[in-house]
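A.B. asks: Just dropping this structure here.
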Amino acid sequence: MINLVKSNRDVFALSMAELGRATGPPCRIHLKSGAEPVRSAPYKASPQVQQKIDAELDEMLKAGVISHSDSEFSSPIVVVTKPSGGIRLCIDYRKINAVSLFDSYPLPPLHHALDLLGTAHPKYLTILDLASGYWQIPLDERDRHKTAFTSISGLFILIVCHLDSTLVELSFAFYIRCAPWPT
């Protein structure tokens with residue numbers, strides 16, 4: 001297994017900066033007719049947590065996942081502590097999800113995948129995690145302002161998809177099944 005990983009090093013990301021981008025159509029965010037921009041103030045964070053937020057935002061900026069913004073939209077960050085002690089920045093997109101239109105692309109049922117696996121009689125079975133998989137799906141430039149999120153450090157927009165938006169699940173499923181992948 002180690003030899004397999006070493007011989008295919010170009011497909012393994014060791015940091016956010018190494019994440020690739022999927023090819024194919026960018027993810028769109030369509031709003032309901034007449035929807036107004038949604039705005040929320042940043043949630044309170046202790047000085048210690050704010051330091052961690054700022055460090056994560058800096059890493060995301062360096063990786064090209066986010067950029068600074070002056071959007072009329074604004075959703076707050078929610079900090080979730082990982083079991084390792086690190087943090088995950090989540091974004092409270094409930095307000096934007098409430099005024100969004102969703103594609104009807106079906107999520108594949110898990111039981112179907114498991115049934116296919118059972119009939120394949122695999123000799124080996126492994127799990128390869130897509131490192132920050134959503135961040136590998138480009139977000140359409142026309143819709144980036146709708147992803148704006150805020151902390152006391154400023155207002156930012158996403159350049160790629162983020163797991164906290166309901167519509168991204170459908171885009172991710174589409175990419176996994178249909179998008180052209182580099183060979």
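The values are calculated or read from the model by the stated rules, or taken from the named source; none is laboratory data. These numbers were taken from a predicted model, which means no experiment stands behind them. All Cβ positions, glycine included, derive from the backbone under ideal geometry; neighbour counts span all protein chains shown.
A.B. asks: Only residues in region 80-92 that are surrounded by 11 or more Cβ atoms within 10 Å (Cβ to Cβ) count as the first member; pair them with residues that are of a type in the set (F, W, Y) and in a loop (DSSP other than H, G, I, E, B), Cβ under 9 angstrom, at least 6 apart or cross-chain, and list the lot.
C.D. replies: Qualifying pairs under 9 Å: D92/Y43.
A.B. asks: Could you count how many residues in region 65-79 are in contact with a helix residue (DSSP H, G or I) (Cβ under 8 Å, 6 or more places away or on another chain), part of a loop (DSSP other than H, G, I, E, B) and over 21 Å from A98 (Cα atoms)?
C.D. replies: 2
For every residue, the table says whether it meets (1) part of a loop (DSSP other than H, G, I, E, B); (2) farther than 20 Å from P138 by Cβ; (3) modelled with pLDDT of 85 or more.
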{"site": "N3", "(1), (2), (3)": "no, yes, no"}
{"site": "P25", "(1), (2), (3)": "yes, no, no"}
{"site": "E36", "(1), (2), (3)": "yes, yes, yes"}
{"site": "K44", "(1), (2), (3)": "yes, yes, yes"}
{"site": "Q51", "(1), (2), (3)": "no, yes, yes"}
{"site": "D58", "(1), (2), (3)": "no, yes, yes"}
